[in-house]
Every structure is written in C-alpha cells, then in structure tokens.
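What follows is one structure encoded as structure tokens, with my remarks underneath.
Nothing in this text is a laboratory measurement; each read-out follows from the coordinates by a stated rule. Small disclaimer: the values here were computed from a predicted structure and weren't measured. Cβ placement follows ideal geometry from the backbone for every residue including glycine, while neighbour counts extend to all protein chains displayed.
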Amino acid sequence: MEVKARLRYLRIAPRKVRLVADQLRGETVAKSKGFLNFTVKGANQPLLKLLDSAVANAKNNFDLEESNLYISEVTVDEGPKIKRWMPRARGSASPIQKKTSHITLTLKEIKETKKTAKKKDKVEVTSVSDPEEIKDINSRKKRREEDLSIKPKKEISGKKIFRRKSI
C-alpha cells in the first residue's frame, strides 16, 4: 500500500532540500524522524512536518501502523521562481531568483498486511413499488435543483447607471 503526501511552494531552493531528502530514502519512519530532529539544515522542519502528515494519512485513511512503514520515495522538484531585482552601481540592476520546491514523499509497508480500502460514505438505497412514489421523488429533486439554481439579476430599464457593487 502506497501513501503519498505533497508539500508545494516551499520557499527553500530544491538543491538545499535534496541534501536532507536524500538521507531519508529507504529509511523507516522512526529512524527518519530521529534524523530530522537532529539535523541542522533549514529543510528539516518542513520535511518533518511532511513526514508526520504522510504518517497521519496512512493511519487515518488506510489503518496502517507507523512502525510498519518506510520511506520508499522522496522527490524534490523545482517550483516557480519569484523574480526580484537588486540595485547595483551606476543605476544598473542585477536579477535575483527566489527559488521554490515541490516535495513528494511516498510511504510503503515493510510487511504487506491485509489491504483496507479507504473509508467511504454509505449510499442510502430505497426500494419503490408504487409509480406515484417515483413521481414524488422526482418532483422533490426538481424543487431542490430550482432552489439551488442561480436566479437572474434584475434588469434595469432605461439608462445604464454606474454602480460600484452589483445588484
């Protein structure tokens, strides 16, 4: 069972995040958390938060145990660059690129357990024997759709009037 978590638009350059992310690949969750707690790089806190999020996804959505998980894949991709300018001598300017990262973390099970599907809401099914009941249900659906539909704006006759807010 694969569990994924994504962190997008992190304001740290991908090259710096990869230094920490490369150390996590193939390690168990407990060992990775210990490593991230004692790392002195700037990317350790966002990666620790992402790892905690992935473990929470595994527990809540798939009923997996934290002790049975390891980090199978960590990818650090480049996000959009924020472009700024730094004033220089003689009225010139040099560009500055503030880089961002997209991180994807994938957890897998060490020992395969019984796969459980994601929890889904139950759909209520009713049996109808009388055709009058079907008409009644359809009319209720139409009324509900009419209540939810957007009503047209009132048309103003004559000259157009400037208004800051719509009617």
Only one of these is under 28 Å from Ile96 (Cα atoms), surrounded by fewer than 17 Cβ atoms within 10 Å (Cβ to Cβ), out of contact with any His (no Cβ under 6 Å at 6 or more places or on another chain) and of a type in the set (Gly, Ala, Ser): Gly34, Gly26, Gly42. Name it. Gly42
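Please work out if Thr75 is closer than 23 Å to Arg15 by Cβ, in contact with a His (Cβ under 9 Å, 6 or more places away or on another chain) and free of Cβ contacts under 8 Å to residues at least 60 places away in the same chain.
On the way: closer than 23 Å to Arg15 by Cβ: yes; in contact with a His (Cβ under 9 Å, 6 or more places away or on another chain): yes; free of Cβ contacts under 8 Å to residues at least 60 places away in the same chain: yes.
Considered against the rule, which asks whether it is closer than 23 Å to Arg15 by Cβ, in contact with a His (Cβ under 9 Å, 6 or more places away or on another chain) and free of Cβ contacts under 8 Å to residues at least 60 places away in the same chain, Thr75 comes out as yes.
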Only one of (1) over 21 Å from the mean Cα position of the chain (by Cα); (2) within 19 Å of Leu69 (Cβ to Cβ) is not met by Asn57, so which one is it? (1)
Quick count over region 31-72, residues being touching a Leu at 6+ places or on another chain (Cβ under 9 Å) and not charged (D, E, K, R), is 23
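Would you say Asp63 is farther than 17 Å from Pro14 by Cβ, within 21 Å of the chain's Cα centre (by Cα) and without any contact (Cβ under 8 Å) to a residue 24 or more places away in the chain? Can you show your working first?
Details: farther than 17 Å from Pro14 by Cβ: yes; within 21 Å of the chain's Cα centre (by Cα): yes; without any contact (Cβ under 8 Å) to a residue 24 or more places away in the chain: no.
For Asp63, the condition - farther than 17 Å from Pro14 by Cβ, within 21 Å of the chain's Cα centre (by Cα) and without any contact (Cβ under 8 Å) to a residue 24 or more places away in the chain - is not met.
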I'd like to verify a number: residues in region 1-47 that are in a helix (DSSP H, G or I) and under 24 Å from Pro80 (Cβ atoms), how many? 13
Looking only at residues that are of a type in the set (Val, Ile, Thr) and within 17 Å of the chain's Cα centre (by Cα) in region 69-109, which one is surrounded by the most Cβ atoms within 10 Å (Cβ to Cβ)? Val76
Before we move on, is Ala56 of a type outside the set (Ser, Thr, Tyr), surrounded by 13 or more Cβ atoms within 10 Å (Cβ to Cβ) and touching a residue at least 12 places away in the same chain (Cβ under 8 Å)? no
